[in-house]
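One structure below.
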Amino acid sequence: SQDVAEYALRLGDDALILAQRLGHWISRAPELEEDVALGNIALDQLGHARSFLTYAGSAWGKNEDELAYFRREPEFRSAHLFEQPNGDFAATIARQFIVANYQYRLYRELTQSTDAMLAAIAAKAVKEVDYHLDHSTQWVLRLAGGTEESRRRMIAGFKLMWPYVGELFEDDPLTTRLGEAGVVPPSLRAEFDRAVAVVFDEADLEIPVSATATGGGRRGHHSEHLGLLLAEMQVLAREFPGASW
Amino acid sequence: SQDVAEYALRLGDDALILAQRLGHWISRAPELEEDVALGNIALDQLGHARSFLTYAGSAWGKNEDELAYFRREPEFRSAHLFEQPNGDFAATIARQFIVANYQYRLYRELTQSTDAMLAAIAAKAVKEVDYHLDHSTQWVLRLAGGTEESRRRMIAGFKLMWPYVGELFEDDPLTTRLGEAGVVPPSLRAEFDRAVAVVFDEADLEIPVSATATGGGRRGHHSEHLGLLLAEMQVLAREFPGASW
Amino acid sequence: AAGQENFDRIIAKDSRIEPRDWMPNAYRRSLVRQISQHAHSEIIGMQPEANWISRAPSLKRKSILMAKVQDEAGHGLYLYSAAETLGTTRDEMTDALVAGKARYSSIFNYPTPTWADMGAIGWMVDGAAICNQVPLCRASYGPYGRAMVRVCKEESFHQRQGFEILLELANGTPEQRVMAQDAVNRWYAPSLMMFGPPDDDSPNSKQSMAWNIKRFSNDELRSRFVGMMAEQVKVLGLSLPDEAIHFNEDTKKWDHGPLDWDEFKEVLAGRGPCNAQRLERRRSAHEDGAWVREAASAYAAKQAATNAQKVAA
Amino acid sequence: AAGQENFDRIIAKDSRIEPRDWMPNAYRRSLVRQISQHAHSEIIGMQPEANWISRAPSLKRKSILMAKVQDEAGHGLYLYSAAETLGTTRDEMTDALVAGKARYSSIFNYPTPTWADMGAIGWMVDGAAICNQVPLCRASYGPYGRAMVRVCKEESFHQRQGFEILLELANGTPEQRVMAQDAVNRWYAPSLMMFGPPDDDSPNSKQSMAWNIKRFSNDELRSRFVGMMAEQVKVLGLSLPDEAIHFNEDTKKWDHGPLDWDEFKEVLAGRGPCNAQRLERRRSAHEDGAWVREAASAYAAKQAATNAQKVAA
């Protein structure tokens, strides 16, 4: 249905934009093992994006590339968190930790979707995100418990990303309409908070006191970062419309 | 003539790409005075670019915007130095110092061009570049003579930019053909070296020992940075071809 | 007491207080708050427009936009200087801003997703700013009033440029027209809210007016602005997203539809779309630049010492 | 002397030297130089391709490219490990690279201005690398040979992907075809020069062959590669920018036109288009990441101490 397609588009855009961000680390990571690890995570996210976008596009007669390369900014449905710039490694880890905690619970619920395709994509994705969760958790512990500098940066990273947490759990008519086919975002919040609290407790971190930013990504209102990201991502495809690669 | 147009295109592209780089500092400079100063320099360079491009375009029936927004990377004629990323403030100052020393002498010679239009554009530009030269010189002295950190960064900045100095003074058939209408780049080198040496001497800096990079900008072979810069610069204009703004 | 009398006399004859004059502490504090808030707004206000410098769709527009954002840095400089005459340093004010303790105009917490926003900000946001600021040219505090004269002159130039951007879009392709209307729709209510809360909910206004800092009430200025917009939007061939706008023959003022003051308060409280981003960007520019400022001071100190030695020798 | 005899015996029967075996210092030094240079090449070689990850023109290509560049990091890891078995640490090797004291394959000092370069690098550069590396799977030093087996398997996969990119472009729009041919033109000579200087100008080759590290001479490998390219380019429907290529019936080898060894030496000496950029990028990634590596060690040390305490308690 149109609703399912629109929902898949949201999940696909989140993953696509994140993959684009993470891809930037490849060849620039703090150690080779992280070039590999962040590359893996980027690849996983890109894979999820392709599955969700292909499914969404099937409702509109569009393929994944038409959706990724030939939509304009207001047609994207990503949440602002995914659009945030990488910052330093700690900021990237903060974003990853939040994303993985969110996506893990989201996809786990989604495996129960009455929509067989969404359930199938989620079932594959949740296994991979389980690793992302572990990866980011380990780094949160390391950075928070490493040196004075790494701890300062880890705290700053979370401060930077926290304003964009709220949007992930916002409800809107679509998810209500979807019922058992989708996941109602607010239903994930309590467990997200609990899981984050466990790690923050071990890392001796506190939830940042920062106001929640107004989101709007699901309605096509994006952070100012998305336009620049799309300019780069789409440049070649748009220069040769209709070409195949 | 075609040769004069091609020559104007080179100068215009250098100035355009530099303006694009410098424009990024506006709202991000280390102090408000520098938001203003770097903004001024960016505006001056953009002004020179517009004059040169308009003149170049007149030979081909194209306006400045057609040249700036609708050429592809290999059609640009900028030298690699202008394309280098801003880096930190010291790297930007290093690039500025080299550029200003080069452009000041270039434009001063060009005021004698047998091509009246080139001479006129250069006459206006040289006065403005005189200020750019003073601005960057003052900062080189301040950063080299300021704190230990600023000195370290100033040295690193010059090390970063120095490989791209050589290309500025390379000759090719075009400048030879132009004769008195243009300026033969190698003729500027001795005075450039002398002027740089005076400041480096006062700042107690040494010419970096770094190999000269192969350039090729004048033949359309660019650094890998240019493609990304153009993707951003041209994105909106290309999204609405034929629109007026 | 002699100071207070002199101050009252100057205010009464609508003349100007200068930095060396005695003034009540509350007047000084109120001015520092207002002027620094205004300066911060200029500085933070650079960001939504700087967002489009690299992508401006023609070289002419790029040049105008660069100059405009650069002017805003200049305005910030005048205004910080004016505030410094009241005994607060720019560093103190900047630290307060960067720490998230100082206010700036909430309007700059909205994003600029399209090029048309450059037009809407110029026409509407700068337009509202001018309505607010023109009367401030006569503010009782001399340095503030004089800074505002310079600021206002440039702002009206900026407003005209914004209008031109919209006019070009409105007369452009259908897509450009949609882009223009969308930007006008998004900036309309926020720009009206720039005049501050309704008069019956604006506690500081009264004292400010008594001191001849503020000259007109929030609602008066807002009404004047709505009238201006309502006329000019016709020239653009666009519309304002408020069907309630009309000239009220009874009050001789322009009325407008209700505004969502809850949203205003949310944004003011830091929960707007871009509050975190704006503050973070200012903070990081300031922190990244610390070593440059330190180098400049260290160098100046060394030069001063050398010069002193030369003089002594 | 027993060590030398044993070593000579192993080499003579073309068997493998393992880390604990005695080996001549010159053999060890030569291997460390070769393996670390190879590892550095994998790491620096990530950059020209990483340049297009963000702009890959389809999601499938983006995914393949990401995986490829990531594989190169993996190859670097295997190879550094192999070199570490010879008693040099990864940190030492990395420091030498970052300080500009270590070599890496000169080919990565050329830029990747277009998407077709992703095809040309895969097809030609990886193709040349495979010709070089397949014989290295039998290198006399065990850990190196085994690392090369893994590397070669992935490289041939990469080569096929590069070929596919070019094939798609060659069969695409006229502009795409031009883009493909241009990339092939630019990478042809540099990829031939990857095999090193001509045999009569390659001082280290002989010893390397005597030690069963190298199995074929530079010119032999180059000729084999040219033949492969000459066949495959027909499938692409493109051409190689060298009219002198032909199969020499006398020598039973492929001949090619003269190469510009002066350019090769210039690039080797650091004066290529991207040497400074590649090194700077590696240096800054390494330096920017120092705090992360320090944090990881500090955390590991703390954890170890805590665990030791637990065990002791």
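The values are calculated or read from the model by the stated rules, or taken from the named source; none is laboratory data. Note that the structure is a prediction, hence the values are computed from the model and not measured. Methodologically, a virtual Cβ is constructed for each residue, glycine included, from the backbone with ideal geometry; neighbour enumeration extends over all protein chains shown. Note: areas computed on protein heavy atoms with side chains; ligands, DNA, RNA excluded. Shrake-Rupley method; radii C 1.70, N 1.55, O 1.52, S 1.80 Å.
Of note:
- Cα shape, the range A:69-198, gyration tensor, a/c 1.5 rule: prolate
- Three-way shape call for chain C based on the alpha-carbon gyration tensor, with the a/c threshold at 1.5: oblate
- Within 10 Å of the Cβ of each residue in D:70-81, the mean number of Cβ atoms contributed by other protein chains is 4.
- Semi-axes of the equivalent ellipsoid for chain B, Cα gyration tensor, largest first, Å: 28, 21, 16
- Over the range C:88-198, volume per residue of the alpha carbon convex hull, in Å³: 120
- With all protein chains in place and ligands, DNA and RNA left out, the 1.4 Å accessible area ranks D:Ile245, C:Ile17 as D:Ile245, C:Ile17, largest first.
- Dimensionless Rg over Rh [the protein assembly as shown; C-alpha; Kirkwood]: 0.99
- For residues of A:229-241, the mean tally of beta carbons on other chains within 10 Å: 6
- Taking every DSSP bridge with both residues inside the protein assembly as shown, close to 75 percent are antiparallel.
- Accessible surface, 1.4 Å probe, highest first, among residues B:Thr147, C:Thr112: B:Thr147, C:Thr112
- Heavy atoms of A:Trp245: accessible area, 1.4 Å probe, square angstrom to 10: 30
- Ratio Rg/Rh, restricted to the range B:45-108 and using Cα atoms, in which Rh is the Kirkwood radius: 1.03
- Note on A:His225: accessible area approximately 40 square angstrom, rounded to 10, probe 1.4 Å, nucleic acids and ligands left out.
- Taking amide H positions as modeled 1.01 Å from N, with prolines and chain starts lacking one, the residues under 5 Å from D:Ile17 and 5 or more places away or on another chain are D:Tyr141, D:Gly142.
- Relative to the current alpha-carbon distance between B:Trp60 and B:Glu73, full extension at 0.36 nm per residue lengthens the span by 2.9 nm.
- In the range B:1-99 the Cα-Cα distances spread across 10 Å bins starting at 0 as 17, 46, 27, 10, 1 percent of all pairs.
- Phi to ³J(HN,Hα) by Karplus 6.51 cos²θ - 1.76 cosθ + 1.60 over the range D:115-122, Hz, x for Gly, Pro: 4, 4, 4, 5, x, 5, 4, x
- Within the range B:169-245, the GluC sites (Glu not before Pro) that combine a DSSP coil assignment with at most 12 other C-beta atoms in a 10 angstrom radius are B:Glu206.
- Compared with the dominant principal axis of the Cα atoms in chain A, helix A:116-145 is inclined by about 20°.
- Heavy atoms of D:Phe247: accessible area, 1.4 Å probe, square angstrom to 10: 80
- Label sites at D:Ala312 and A:Thr176, each approximated as a point 7 angstrom past Cα along Cα to Cβ, lie 6.2 nm apart.
- Shielding by partners for peptide A:17-25, expressed as the average number of C-beta atoms from other protein chains within 10 Å of each residue's C-beta, is 3.
- Within chain C, helix-based [θ] at 222 nm, where runs of 4 or more DSSP H residues each add -39,500 (n - 2.57), nearest 500: -21000 deg cm²/dmol
- Folded to 0 to 90 degrees: helix B:189-203 orientation relative to chain B principal axis, Cα: 30
- Against chain B, whose longest principal axis is taken from its Cα atoms, helix B:89-110 shows a tilt of about 50°.
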